[in-house]
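First the structure, in the form of structure tokens, and then the observations on it.
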Amino acid sequence: MAAAAIALWLSLAGCQGRLQPQTPLVQGTVQQIISGNSLEVTIPTLANNQIQRVRLIGLDAPSPAQRPWGKAAMDFLRQVEKQTIQLEFDLEREAPYNRLLAYVWHDGQLLNADLLAAGHALLDSRLPNIRYDGELRRAQESARLQGLGIWDPANPMRQTPDEFQETRTP
């Protein structure tokens, strides 16, 4: 009974139509993958075609040192390296460490949700940036139910990225 309910829920979630951006997009080119949730992007509309660090909204990926999950998250993002992407901003646009906060679109797909759906990150919902919270939750739940990436029962991630960082700092 529970398996049937989950299958129905997942099929209904998938039938809601293709996700579309809700606000104007800013085009950029990914120069480098910094981590499983941060990219360096050239944004032509900024002065001097400036490179800007962008942190993906709504997720927390394992640190590159958190193996094998951090490397897997970075490898997943490498699909957009040197590619044109579109950035969509929510209410809060800037993050600590001089980074922009954005939803990243590539080929009509929300990369933030794709990273969660592949099991390469944890949902990290933070007000006021919750525009796609429902979609991001469904993506994470799908990965969890399928045992993908960090949810793999044979090799689950046992520490959140924050917990991992706390054990590494003196």
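List of remarks:
- Test: residue in segment 88-95 that is under 27 Å from R67 (Cα atoms), at pLDDT below 95 and within 17 Å of the chain's Cα centre (by Cα): yes
- Residue within segment 137-148 that is within 17 Å of D75 (Cβ to Cβ), surrounded by 21 or more Cβ atoms within 10 Å (Cβ to Cβ) and in contact with an Asp or Glu (Cβ under 8 Å, 6 or more places away or on another chain) present: no
- Of residues in segment 22-51 being crowded, with 18+ Cβ neighbours inside 10 Å and in contact with an Asp or Glu (Cβ under 7 Å, 6 or more places away or on another chain), the one nearest to P161 (Cα to Cα): N37
- Q86 in contact (Cβ under 8 Å) with a residue 24 or more places away in the chain and either under 20 Å from Q22 (Cα atoms) or in contact with a Phe, Trp or Tyr (Cβ under 7 Å, 6 or more places away or on another chain) (or both): yes
- The single condition among (1) in contact with a Phe, Trp or Tyr (Cβ under 9 Å, 6 or more places away or on another chain); (2) at pLDDT 90 or above that D60 does not satisfy is (1).
- Single condition I150 does not satisfy, out of (1) at pLDDT 95 or above; (2) assigned to a loop (DSSP other than H, G, I, E, B); (3) of a type outside the set (D, E): (2)
- Taken over segment 73-93, the residue count meeting the criterion of being under 27 Å from R168 (Cβ atoms) and crowded, with 18+ Cβ neighbours inside 10 Å is 4.
The values are calculated or read from the model by the stated rules, or taken from the named source; none is laboratory data. Worth saying up front: this structure is predicted, and the values here are computed from it rather than measured. Neighbour counts are summed over all protein chains in view; Cβ atoms, including those assigned to glycine, are modelled from backbone coordinates with ideal geometry.
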